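Encoded as structure tokens, the structure appears first; notes follow it.
Quick note: the coordinates plus some simple rules give every number you see, no bench work behind them. Since this is a predicted model, take the numbers as computed values, not measurements. Glycine also receives a Cβ, built like all others from the backbone with ideal geometry; neighbour counts cover every protein chain displayed.
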Amino acid sequence: MIETIKQDWFSNIRGDLLAGIVVALALIPEAIAFSIIAGVDPKVGLYASFCIAVVIAVVGGRPGMISAATGAMALLMVTLVKQHGLEYLLAATLLTGVIQIAAGFLKLGSLMRFVSRSVVTGFVNALAILIFMAQLPELTNVTWHVYAMTAAGLGIIYLFPLLPAIGKTIPSPLVCIIALTVMAMLLNLDIRTVGDMGQLPDTLPVFLWPDVPLNLSTLQIILPYSIGLAVVGLLESMMTATIVDDLTDTKSDKNRECKGQGIANIGAGLLGGMAGCAMIGQSIINVKSGGRGRLSTFTAGAFLLVMVVFLDEWLKQIPMAALVAVMIMVSIGTFSWDSLRNLKKHPLSTNIVMITTVVVVVATHNLAIGVFVGVLLAALFFANKIGRFMVVKAEKTEAGHRRYNVVGQVFFASADHFVESFDFKEVVDCVTIDLHLAHFWDITSVAALDKVVIKFRREGAEVKIIGMNEATRTVVDKFGVHDKPEEVEKLMAGH
Amino acid sequence: MTKHQITACIDGSAISTAVCDTAAWASSILEAPLTFLHVLEKSLSPAKEDLSGAIGLGSREHLLDELTALDERRNKVAIEHGKHLLEDAVQRAMAAGAIDVTGEQRHDQLLDALLACEESTRLFVIGRLGEDHDSNKQVIGSHIENVVRAIHTPILMATGQFSTPGNYMLAYDGSETADKAIDRIANSPLLSNLHGHVVMVGKDTSESRTRLDNACKILSNKGHQVHPHLLKGDVNSCLMDFQQGFNIELKVMGAYGHSRIREFIVGSNTTKMLSTSTVPVLILR
């Protein structure tokens, strides 16, 4: 236990501290940007990012993963904030945490196995597109200065790392923000800055209980939002955890992560922050910068708070164009470029699942709905594929005797095909159906077998079923009617 | 699977030769097959630093490729290095009279790897310090305490240089754990030909006298040559003095009989004994 703590926290101190600082610098613009998306003061996002990062560092299940206020969550809050205000958002954040902790105890993290690769890719791509789209309001109806600043910012972000010696030691998003802020102040440009977007934190966060009436109508307002937030938060966290697992070749505890996200969100809600979750882009930045342990996440949160509290006068001066540039970088970095190249290689059904997920998310601005549709579609495609693994071979053994060999999977998707495979027009005395290579999975398939048996009987043939393997037999015993004469009689009586 | 083999852990540190010799000695006496285990632990710290903080198109895929390539190179070298270590150890042990010697490599944490082979192992041999430590210091390696706590199979801890022991000392405190240890030694051929000293540190009461005599009787009934000793004073320093006075070449002790919380407050005799010992220690749990 002590060994694990040492391993998780202090096995990579230098790398974790440096990576944590790099991440904190990138978290500040993100937290501000996401607060603006949600329609709240930047301080709500900044307090949330601080609290979530620090809490998840201790209680999370995936060391080295960065969690904070995120765009995916912010998008779900927009209408709640608009219609009911900040206090209801804080209450919803608390409830989100409770739901997530419950999900952790119910071990819902393992449900992630039903989310196929193409749905994950669709989710990630949709997220990238949403982050990008959220920047568009900052880029419409503005002077050319803003475009120039944004372009310059992106230029700095991507070209600065190419510089020898200093390129890889100073985070380029930081260089971008400082350069653009200095430029805007020197030229006295009349463009929007962070200070125009709302209140920034000037003190350490204080503990407070959301000022909402504790009654049923409050619950009615916040519950739908909380469920959405909890689902999206867990989805993104689980997916990010898998990505970090792959990158670092280590394992994570998904159910502990669920509970951790819940605790972190409760903490955020009590400190006046909005709900958040794991961040794909920031986690990649963390791993890339050498962050591996819990200390990196903790440093990111702690350093962020120190920065915003002591530098709030300077933060106000940051032009929005600089933030937009950083956010466009995050969006580009989150997007799965390979998925576009793989469109040609992958089967059509996979591509349809991926693209549908993206389209649904972009249309609804709700990642949970997109993933739900994606998973449903993937399941249907899968059922369809497996349903094709079924064939009925007819074979004549002796005069007046027909033998059918059934091979493969019989279930709801292949039941109709199963029934159609028999020739009821043929006049035979005896029919043998050999099932020893077949699997009957559900009551639909059992009903189909009953139908076949009854149909043959009504044509005057005697039906023998042989070779039912154990799996088939149990299903048939449970749901079948053909071997219970009184049931068959009942069925026949209707005709 | 029966508990039949001896598993010895080597990591290429200075102590690995002592581990090898100690294991070979145990193997020849117990007539048990000897397996050398080299565990390739994953290092958490990344090999390369890029603090640019910028992510672009395909960053994730590139990062995965990059990290995979780095790990691949690092591990190939480590595997190669480990193979040489194992070969050397196997040869050395065979020359020293061990029987049926094999080498095995695993990607794992040391403790997990030991737990995985515990059910086929009757005796573990490990060094006091791993390769991360300076061999002269009086400390125990970062793994030892965790291994000793988690493993319930006897562990033989090698120290410094190995020389075939001619006698042993058994620290006896009259506890249930210690009685179990006595039983175990009595029934094992490992120490039956050595001259034994059963040492008890505590007040000279008739009760402790009887306990000590009983323990010696169990051993001598099984053909062991043992002498009882009852000493007064601080446990650790008494045992140290005794060891020096009688030229003890192997120590036997039970380990970590108390909870972690108690140890946090009063300290652990086991840790002290392990870290100060200059001769091999057989730990029975």
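Structure notes:
- Share, in percent, of DSSP beta bridges within the protein assembly as shown that are antiparallel, nearest 5: 20 percent
- Estimated at 0.36 nm per residue, the fully extended path between A:V142 and A:A394 surpasses their Cα-Cα distance by 83.3 nm.
- Anisotropy class of region A:332-392 from Cα gyration tensor, a/c 1.5 cut: oblate
- For A:327-337, mean number of other protein chain Cβ atoms within 10 Å: 4
- Computed FRET value (nearest 0.05) for A:F114 with B:S163, which takes r as the C-beta separation and R₀ as 56 Å: 0.35
- For A:F389, B:F124, order by how many other beta-carbon atoms lie within 10 Å, fewest first: A:F389, B:F124
- Segment A:E459-A:V359, extension gain: residue separation times 0.36 nm, minus the distance between their alpha carbons: 30.8 nm
- Region A:425-459 and region B:14-90: distance between their alpha carbon centers, rounded to Å: 60 Å
- Coordinate range of the alpha-carbon atoms in region A:229-367 per principal axis, descending: 53, 38, 32 Å.
- Cβ-based net charge around B:L274, under 10 Å, with every Lys or Arg adding one and every Asp or Glu removing one: +2
- Proximal aspartates and glutamates relative to A:K251, as straight alpha-carbon distance under 13 Å, when same-chain residues fewer than 8 apart are discounted: A:D8, B:D108
- More than 34 Å apart - percent of Cα-Cα pairs taken over chain A: 47 percent
- For region A:305-328, the residues whose backbone nitrogen is under 19 Å from a point 7 Å from the Cα of A:D202, taken along Cα to Cβ, are A:305-318.
- Spacing of the two label points (7 Å from each Cα toward its C-beta) at A:D416 and B:T68, in nm: 4.2 nm
- Taking a Cβ cut-off of under 15 Å around A:M239, the surrounding Lys, Arg, Asp and Glu residues balance to a net charge of +1, with basic ones at +1 and acidic ones at -1.
- Summed side-chain charge close to B:A96 - residues other than B:A96 whose Cβ falls under 13 Å, Lys, Arg +1, Asp, Glu -1: -1
- Look at where the Cα atoms of region A:197-240 and of region A:364-381 average out, and the two centres are 24 Å apart.
- Gained length - A:A165 relative to A:N215, 0.36 nm times residue gap less alpha-carbon distance: 12.0 nm
- Per-residue 3J(HN,Hα) values for region A:207-222, derived from phi via the Karplus relation 6.51 cos²θ - 1.76 cosθ + 1.60 with θ = phi - 60°, read 6, 8, 8, x, 8, 10, x, 8, 9, 5, 5, 4, 4, 4, 6, 8 Hz in sequence order (x marks Gly and Pro).
- Here the spin labels are modelled as points 7 Å beyond Cα on the Cα-Cβ line, and at B:H107 and B:K42 they lie 0.8 nm apart.
- Put simply, when B:211-219, A:330-338, B:10-18 are sorted by average Cβ atoms within 10 angstrom per residue, most first, you get A:330-338, B:10-18, B:211-219.
- In this simple spin-label approximation, A:A151 and A:I466 carry label points 7 Å from Cα along the Cα→Cβ vector, and these lie 8.1 nm apart.
- Each peptide in A:10-19, A:213-222, B:175-184, B:20-29 was scored by the mean count of other Cβ atoms within 10 Å over its residues; highest first, the order is B:20-29, A:10-19, B:175-184, A:213-222.
- Within a straight-line Cα-Cα reach of under 17 Å, A:K82 can be paired with the following aspartates and glutamates, leaving aside sequence neighbours fewer than 8 residues apart in one chain: A:D41, A:D211.
- Counting Cβ atoms of other protein chains within 10 Å of each Cβ in B:57-69 and taking the mean gives 6.
- Rg and Dmax of region A:144-240, both derived from C-alpha coordinates alone, stand at 21.1, 61 Å.
- Here the Karplus relation 6.51 cos²θ - 1.76 cosθ + 1.60, evaluated at θ = phi - 60°, turns the backbone of region A:42-57 into coupling constants of x, 5, 5, x, 5, 4, 4, 4, 4, 5, 5, 4, 5, 5, 5, 4 Hz, with x for every Gly and Pro.
- Using the Cβ-Cβ distance between A:T4 and B:N214 with R0 set to 25 Å, the FRET efficiency from 1/(1 + (r/R0)^6) comes to roughly 0.05.
- Sorting B:60-71, A:257-268 by their mean Cβ neighbour count within 10 Å, with the most densely packed peptide first, gives A:257-268, B:60-71.
- Residues A:E459, B:E145, sorted so that the one with the fewest Cβ neighbours within 10 Å comes first: A:E459, B:E145
- Lysine pair count for chain B [Cα-Cα under 26 Å; pairs on different chains or 8 or more apart]: 26
- The calculated FRET efficiency for A:H436 paired with B:N247, based on their beta-carbon distance and R0 = 51 Å, is about 0.10.
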